Structures are given as structure tokens and as C-alpha cells.
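What follows is a single structure, written as C-alpha cells, with notes after it.
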Amino acid sequence: TVRYLGVSGYEVTDGKTVVLLDPTPTRPPPPQLLGGPLEPDEELGARLCPRADFILVNHTHFDHVLDVPAIAIRTGAVVLGSPSTVNLARSRGVAEGRTRVVKAGDHLTLGTFTVDVRSSRHTDIVGISQPMAGVIPADAKRLWFWQFTLDKTFAYRLEANGASIWFHP
């Protein structure tokens, strides 16, 4: 089953393994984006994402990754994505053994799912092909929205029980 979590996030499960894709239900209003560092709404994340075995991240802009560390810590999920994804997760307290950097071409087994990782690209924004490009540092402190930089963008093909789905928000 596939369940929409808000913003660009989804939950995919075959009844055994739960994979979250960009689980970021927190959506700061525009004034908050300019008002200081962003924080996840942990209560909303807990309500919408009660369980997770794995979290796959497309890219590390705030609207794709803000809630990921809190959800991973609460559920024990393994976080997979770019170096920025892993750095953000680790800087927020996700154990190193619960993170994994992936690269295009990887073929993964995540519980009962197989996952193919493909390179993708971010949509151009006002003519910029890699908006807010960069790598989130491993010692990242609280981040303003523009500090949620992206280094890589991925698409994922998930398969379980003969069914498959492509995730590319």
C-alpha cells in the first residue's frame, strides 16, 4: 500500500516492511522560513509516521528532509540518501549504524523490498538547475531553510511481492 504523508512524502508497505519516502509532514509557513532555523513538528511526525523500517531521501532541501532525523530516532529506521542526508541525520543524533550513503546504480535489499537507486535532478527554479547546492556539514547545527543544501538527487524504484513503484517527487 502507498499512503501520502503530505508535502512530498509517502509511506510504502507490503504489510511487513515500512519504507518512508521523504517523510516531511512539517510545512513551515512562509514567515517562519525567514524567521530563523527550522524545527520539525515532532508530534505531527509521530502521528503521521508511527512506524518506519527504512527512510529513503530524494534530496536534502528542508521540504524533503526536515522531519527525517526525528522520525528515524523515534522509530529506529535506517536513513538512506546522499552524504548531506547522512550528515543531517547524524548531526541530529541518528546513530552512524542507522545511516547509509547510497549512490546511483545501487541495488538494495531493504527488508522485503528491493530498491534500485537512480541519479536524478532537481527541477530548475528561476533558471537555477541545482538550487541551494552544497553539502550539509557533518556537524550541522540548527539550519535556516537555505542551509538545507542539496548535493545529490535520487529516484528510487521499489519492488515487493511482484509490484513496483517509482519515487521521484
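Looking across the stretch 100-136, the residues that are more than 19 Å from Val12 (Cβ to Cβ), open to solvent by less than 70 Å² (accessible area, probe 1.4 Å), part of a loop (DSSP other than H, G, I, E, B) and aliphatic (A, V, I, L, M) come down to Ala104, Met132, Ile136.
Mind checking which residues of the stretch 63-96 are out of contact with any Cys (no Cβ under 9 Å at 6 or more places or on another chain) and basic (Lys, Arg)? If the condition is that a residue be out of contact with any Cys (no Cβ under 9 Å at 6 or more places or on another chain) and basic (Lys, Arg), then Arg90, Arg92 are the ones that fit. Taking the criterion of being under 25 Å from Ile125 (Cβ atoms) and touching a Phe, Trp or Tyr at 6+ places or on another chain (Cβ under 6 Å), would at least one residue in the stretch 96-107 satisfy it? The answer is no; no qualifying residue exists.
Could you pull out the residue among Gly93, Gly97 that is under 21 Å from Ile71 (Cα atoms), more than 15 Å from the chain's Cα centre (by Cα), modelled with pLDDT of 95 or more and not in a loop (DSSP other than H, G, I, E, B)?
Values: Gly93 fails: not in a loop (DSSP other than H, G, I, E, B).
Criteria check complete, one pass: Gly97.
For the stretch 70-85, indicate whether the set of residues that are open to solvent by less than 20 Å² (accessible area, probe 1.4 Å), in contact with a helix residue (DSSP H, G or I) (Cβ under 9 Å, 6 or more places away or on another chain) and over 22 Å from Ala104 (Cα atoms) is non-empty. The answer is yes, given that some residue of the stretch 70-85 is open to solvent by less than 20 Å² (accessible area, probe 1.4 Å), in contact with a helix residue (DSSP H, G or I) (Cβ under 9 Å, 6 or more places away or on another chain) and over 22 Å from Ala104 (Cα atoms). Taking each residue of the stretch 39-51 that is farther than 11 Å from Thr24 by Cα and looking for partners that are of a type in the set (Val, Ile, Thr) and assigned to a helix (DSSP H, G or I) with beta-carbon atoms closer than 7 Å, six or more apart or interchain, yields Arg51/Thr75. Considering the stretch 140-162, the residues that are outside any helix (DSSP H, G or I) and open to solvent by 50 Å² or more (accessible area, probe 1.4 Å) include one that is nearest to Arg90 (Cα to Cα), namely Lys141. Here the condition is being among the charged types (D, E, K, R) and touching a Gly at 6+ places or on another chain (Cβ under 9 Å); of Lys103, Lys141, Lys152, it holds for Lys152 alone.
For (1) touching a helix residue (DSSP H, G or I) at 6+ places or on another chain (Cβ under 6 Å); (2) open to solvent by less than 30 Å² (accessible area, probe 1.4 Å); (3) in a helix (DSSP H, G or I), each residue gets a yes or a no:
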| position | (1), (2), (3) |
| --- | --- |
| Leu20 | no, yes, no |
| Pro28 | no, yes, no |
| Gly45 | yes, yes, yes |
| Asn58 | yes, yes, no |
| Asp63 | no, no, yes |
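The values are calculated or read from the model by the stated rules, or taken from the named source; none is laboratory data. Note that the structure is predicted; figures quoted are calculated from it, not measured. Using ideal geometry, Cβ is built from the backbone for each residue, glycine included, and neighbour counts are taken over all protein chains shown. These area figures cover heavy atoms from the full protein model, side chains too; ligands, DNA and RNA do not enter into them. Shrake-Rupley method; radii C 1.70, N 1.55, O 1.52, S 1.80 Å.
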